[in-house]
Amino acid sequence: MLAEHPYRATQPAETTSQYYKRSVAIPFIDDVNQQLRERFSEETAGTIAALMRMIPAVLITTDEEKDEETLKSLIIYEEDLPRYQSLSTELQIYRGRFSDGEREVPDTFAKALAHCSKDFFPNIYVFFK
């Protein structure tokens, strides 16, 4: 057994490898696992889905009835947006911009940001940024 040190975690181990696995690797993996569970919990799943629905390629294939659900999920960002009250209107206009099939429809946040005017769609621009 390894000699005990007053400043070291005292994990029982037969080898140095076992000691570091028990005192460093396993606690680290447990911490990462817990953070992933918190970040992608059921509570945040609705918000993540709402953000994904704002990507134009997804937005034009989603029914307008889903807009209400999207707005409810995104209300947690109300303080971060310049004009949350106009987000519903922005979504309708933004959807119409790509629904005609004449423009390239962005399928990622980065591409969508390049096609989003900060002046015409200030709230959507903030989400993409």
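The values are calculated or read from the model by the stated rules, or taken from the named source; none is laboratory data. Quantities reported herein were computed from a predicted structural model and do not represent experimental measurements. Cβ placement follows ideal geometry from the backbone for every residue including glycine, while neighbour counts extend to all protein chains displayed.
Which members of region 110-125 meet the condition of being crowded, with 16+ Cβ neighbours inside 10 Å and either touching a His at 6+ places or on another chain (Cβ under 8 Å) or assigned to a helix (DSSP H, G or I) (or both)?
Scanning region 110-125 gives Lys111, Ala112, Pro122, Asn123, Ile124, Tyr125.
Got a sec? Which of Pro82, Pro56, Pro106 is touching a residue at least 40 places away in the same chain (Cβ under 8 Å), in contact with a His (Cβ under 6 Å, 6 or more places away or on another chain) and under 15 Å from Phe127 (Cβ atoms)?
Every option except Pro106 fails the conditions.
Of all residues in region 97-121, count the ones that are hydroxyl-bearing (Ser, Thr, Tyr) and under 21 Å from the mean Cα position of the chain (by Cα).
Residues flagged as hydroxyl-bearing (Ser, Thr, Tyr) and under 21 Å from the mean Cα position of the chain (by Cα) within region 97-121 amount to 1.
Would you call Ser73 polar (S, T, N, Q), in contact with a Ser or Thr (Cβ under 6 Å, 6 or more places away or on another chain), closer than 30 Å to Lys129 by Cβ and in contact (Cβ under 8 Å) with a residue 12 or more places away in the chain?
So Ser73 passes the test.
Given the options Thr44, Thr70, Thr89, name the one that is at pLDDT 90 or above, among the hydroxyl-bearing types (Ser, Thr, Tyr), assigned to a helix (DSSP H, G or I) and surrounded by 11 or more Cβ atoms within 10 Å (Cβ to Cβ).
Thr89
Please go through (1) on the phi < 0 side of the Ramachandran plot; (2) at pLDDT below 90 for Lys111 and return the number of the only condition it doesn't satisfy.
(2)
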